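S.K.: This is the structure I want to talk about, given as structure tokens.
The values are calculated or read from the model by the stated rules, or taken from the named source; none is laboratory data. Everything numeric here is computed off the predicted structure, so don't read it as measured data. With ideal geometry, Cβ positions are generated from the backbone for all residues, glycine too; neighbour counts draw on all protein chains shown.
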Amino acid sequence: MNLSSSRFFSASAALLVTTPAFAQPAPKIDTGDTAWMIGATALVLMMTIPGLALFYAGMVRKKNVLATMAQSVAAVCIVSILWALLGYTLSFSGDAPALGNLDRALLHGVGMDTVSPLAKTIPESLFMIYQMTFAIITVALVAGAVADRMRFAAFVLFSILWLFIVYVPLAHWVWGGGFLQTLGVLDFAGGTVVHINAGVAGLVAALVLGKRRGYGTENLAPYDLSLAVIGTGMLWVGWFGFNGGSALGAGSRASMAIVATHLAASAGALTWMLLEWKDRNKPSVLGIISGAVAGLGTITPASGFVLPWHGIVIGIAAGAACYWACTRLKLWLGYDDSLDVFGVHGVGGIIGVTLTGVFATAAVSIDASTPNGLPGLIDGNPRQVLTQIAGAAVAVAWSGIGTFVILKLVGAVTALRVTPEAEQMGLDVTQHGESIHS
């Protein structure tokens, strides 16, 4: 064997030793997907500030407008820091049934070129902050149920505990490789993790804190519904990033999710409007925007699994069911959910998660990430409905029990509710030393 042949075989042997037989190419970041997801992240953040801040502020009394906005802004800041420190890694690292691991604590290992196995075509830093915006709005939504009466210090402490004890585990169970995802529960963009979670938490919080002073006897009319209309518009547009962005790429599935989302919102608004018109002889602006938000929340879990016409049907169901919950169920049970967080998001989320099991269509839901597909009832898989109901039940129980325990813990440290005198004066002045002047 000559020298050149010896070098050839030596190099070949080294290659065989150092190169795995079935080596996979490194994930490649796609610029189109990345650009879309940057935009989607901005849209979802806009849903909380200024969208939800304006939506909620427009529906409370003038003396509580700034305090209501402060809760939304505080949720953004608190959750953002905690998500980067521990929330992300506990939600989306590892595939244990109950909770993630600490591999990404303090964003350790999240570099310029790293990608998450859950989003292989965008930078992991982008996937992290996109999921952060979901955690933010979920915490902020809960505040609407206890508007006008919860102390700001109590809300801050509640937000910290609720993020880690309630939101993070549920996000892992449904999206991060946890047991609900393994079970086959379908939730494209947050019917369980966001809407059922926030809605049930809001109901529990309203029951624990009690009714507003003057509820049922005094005029608690909204300060400025024009603010709420503007907030609704921002929520509606932002929801395109919320649902369309949950495709985690710029493709046809994102487009289909956006179409279904818009049609569901429109159908929900029209259904609520017509029902209210029939019952009260006038269609209110508050009713129209409430119906739109109900449609948006209800289509969320199904948006990436259904056809456009399914979005219309789900929107009609949302408008009817949430209208009943906010006008009949609320009075029957006698609770004071200030801004109808449970009636819109909780009820809408439960209906949406269930109807996902009815309408999920293989033609839409099967892609590279779900090669086997999980079609629903009308596509020949009736068991999916039962799976969805089980997932909704777990979310209701976890959020309800967890929220109750957290409120009791917070109440042991600081008062949950402002004093009657402070409530009479308004939370803007008593909690923040500011007020809106005419």
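S.K.: Could you give every pair whose Cβ atoms fall below 8 Å, whose first residue belongs to the stretch 167-185 and is without any contact (Cβ under 8 Å) to a residue 24 or more places away in the chain, and whose second residue is crowded, with 22+ Cβ neighbours inside 10 Å and in a helix (DSSP H, G or I), counting only separations of at least 6 or pairs across chains?
M.R.: Short answer, once both residue conditions are applied: Gln181/Trp173; Gln181/Val174; Gln181/Trp175.
S.K.: Residues to consider are Lys330, Lys278; find the one that is out of contact with any Phe, Trp or Tyr (no Cβ under 7 Å at 6 or more places or on another chain), free of Cβ contacts under 8 Å to residues at least 24 places away in the same chain and closer than 14 Å to His345 by Cβ.
M.R.: Lys330
S.K.: Of everything in the stretch 397-416, what is assigned to a helix (DSSP H, G or I), among the hydrophobic types (A, V, I, L, M, F, W, C) and buried (at least 17 other Cβ atoms within 10 Å of the Cβ)? Give them in sequence order.
M.R.: Listed by number, the residues that qualify are Trp398, Ile406, Leu407, Val410.
Here is a yes/no grid of residues against (1) among the hydroxyl-bearing types (Ser, Thr, Tyr); (2) in contact with a strand residue (DSSP E or B) (Cβ under 9 Å, 6 or more places away or on another chain); (3) closer than 30 Å to Arg383 by Cβ:
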{"residue": "Ile122", "(1), (2), (3)": "no, yes, no"}
{"residue": "Met128", "(1), (2), (3)": "no, yes, no"}
{"residue": "Phe134", "(1), (2), (3)": "no, no, yes"}
{"residue": "Leu141", "(1), (2), (3)": "no, no, no"}
{"residue": "Ala145", "(1), (2), (3)": "no, no, no"}
{"residue": "Leu157", "(1), (2), (3)": "no, no, no"}
{"residue": "Val174", "(1), (2), (3)": "no, no, yes"}
{"residue": "Leu183", "(1), (2), (3)": "no, no, yes"}
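S.K.: Kindly list, by first and then second residue, each pair from a residue in the stretch 401-427 that is on the phi > 0 side of the Ramachandran plot and touching a residue at least 24 places away in the same chain (Cβ under 8 Å) to a residue that is surrounded by 15 or more Cβ atoms within 10 Å (Cβ to Cβ) and not hydroxyl-bearing (Ser, Thr, Tyr), limited to pairs with Cβ atoms under 8 Å and residues at least 6 apart or on different chains.
M.R.: Gly426/Arg61; Gly426/Lys62; Gly426/Lys63; Gly426/Asn64; Gly426/Ala67
S.K.: Determine whether the stretch 244-251 contains at least one residue that is touching a strand residue (DSSP E or B) at 6+ places or on another chain (Cβ under 7 Å) and touching a residue at least 40 places away in the same chain (Cβ under 8 Å).
M.R.: Within the stretch 244-251, one or more residues are touching a strand residue (DSSP E or B) at 6+ places or on another chain (Cβ under 7 Å) and touching a residue at least 40 places away in the same chain (Cβ under 8 Å).
S.K.: Same structure, new question: Limited to the stretch 94-120, what total is found for residues that are of a type outside the set (D, E, K, R), part of a loop (DSSP other than H, G, I, E, B) and free of Cβ contacts under 8 Å to residues at least 24 places away in the same chain?
M.R.: Final tally of qualifying residues: 9.
S.K.: Restrict the check to the stretch 224-244 and report whether at least one residue is surrounded by fewer than 19 Cβ atoms within 10 Å (Cβ to Cβ), farther than 23 Å from Ala318 by Cβ and of a type outside the set (Lys, Arg).
M.R.: Yes, some residue in the stretch 224-244 is surrounded by fewer than 19 Cβ atoms within 10 Å (Cβ to Cβ), farther than 23 Å from Ala318 by Cβ and of a type outside the set (Lys, Arg).
S.K.: Next up: Which one of these is small (Gly, Ala, Ser) and either farther than 21 Å from Ala292 by Cα or surrounded by fewer than 20 Cβ atoms within 10 Å (Cβ to Cβ) (or both): Ala53, Ala67, Ala40, Ala57? Outline the logic, then answer.
M.R.: Numbers: Ala53 fails: either farther than 21 Å from Ala292 by Cα or surrounded by fewer than 20 Cβ atoms within 10 Å (Cβ to Cβ) (or both); Ala40 fails: either farther than 21 Å from Ala292 by Cα or surrounded by fewer than 20 Cβ atoms within 10 Å (Cβ to Cβ) (or both); Ala57 fails: either farther than 21 Å from Ala292 by Cα or surrounded by fewer than 20 Cβ atoms within 10 Å (Cβ to Cβ) (or both).
The match here is Ala67.
S.K.: Still on this structure, I have one more. Considering only the stretch 136-154, how many residues are surrounded by fewer than 24 Cβ atoms within 10 Å (Cβ to Cβ) and in a helix (DSSP H, G or I)?
M.R.: Total meeting the criteria: 3.
S.K.: Taking the conditions exactly as written (at pLDDT 95 or above and in contact with a strand residue (DSSP E or B) (Cβ under 8 Å, 6 or more places away or on another chain)), does Phe92 satisfy them or not?
M.R.: Spelling it out, Phe92 is indeed at pLDDT 95 or above and in contact with a strand residue (DSSP E or B) (Cβ under 8 Å, 6 or more places away or on another chain).
S.K.: A follow-up question, please. If I filter the stretch 296-313 down to residues being assigned to a helix (DSSP H, G or I) and more than 8 Å from Ala260 (Cβ to Cβ), which single residue comes out as farthest from the chain's Cα centre (by Cα)?
M.R.: Filtering first and then ranking leaves Trp309.
S.K.: While we're on this one: Which of the numbered conditions does Val174 fail, given that it passes all the others? Conditions: (1) surrounded by 19 or more Cβ atoms within 10 Å (Cβ to Cβ); (2) closer than 30 Å to Leu331 by Cβ.
M.R.: Checking Val174 against (1) surrounded by 19 or more Cβ atoms within 10 Å (Cβ to Cβ); (2) closer than 30 Å to Leu331 by Cβ, the one that fails is (2).
Let's see how each residue does on (1) modelled with pLDDT of 95 or more; (2) in a loop (DSSP other than H, G, I, E, B):
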position	(1), (2)
Asp337	yes, yes
Gly349	yes, no
Gly352	yes, no
Ser369	no, yes
Gln388	yes, no
Ala395	yes, no
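S.K.: Out of the stretch 275-293, which residues are surrounded by fewer than 24 Cβ atoms within 10 Å (Cβ to Cβ) and touching a Gly at 6+ places or on another chain (Cβ under 8 Å)?
M.R.: Matches in the stretch 275-293: Leu275, Glu276.
S.K.: Restricting to the stretch 106-139, name every residue that is more than 21 Å from the chain's Cα centre (by Cα) and more than 24 Å from Lys28 (Cα to Cα).
M.R.: If the condition is that a residue be more than 21 Å from the chain's Cα centre (by Cα) and more than 24 Å from Lys28 (Cα to Cα), then Leu106 is the only one that fits.
S.K.: Examine the stretch 294-314 for a residue that is surrounded by fewer than 24 Cβ atoms within 10 Å (Cβ to Cβ), among the small types (Gly, Ala, Ser) and more than 25 Å from Gly144 (Cβ to Cβ), and state whether such a residue exists.
M.R.: Looking only at the stretch 294-314, we keep the residues that are surrounded by fewer than 24 Cβ atoms within 10 Å (Cβ to Cβ), and these are 307-309, 312-313.
Of the ones still in play, those that are also among the small types (Gly, Ala, Ser) are none.
No, because not a single residue in the stretch 294-314 is surrounded by fewer than 24 Cβ atoms within 10 Å (Cβ to Cβ), among the small types (Gly, Ala, Ser) and more than 25 Å from Gly144 (Cβ to Cβ).
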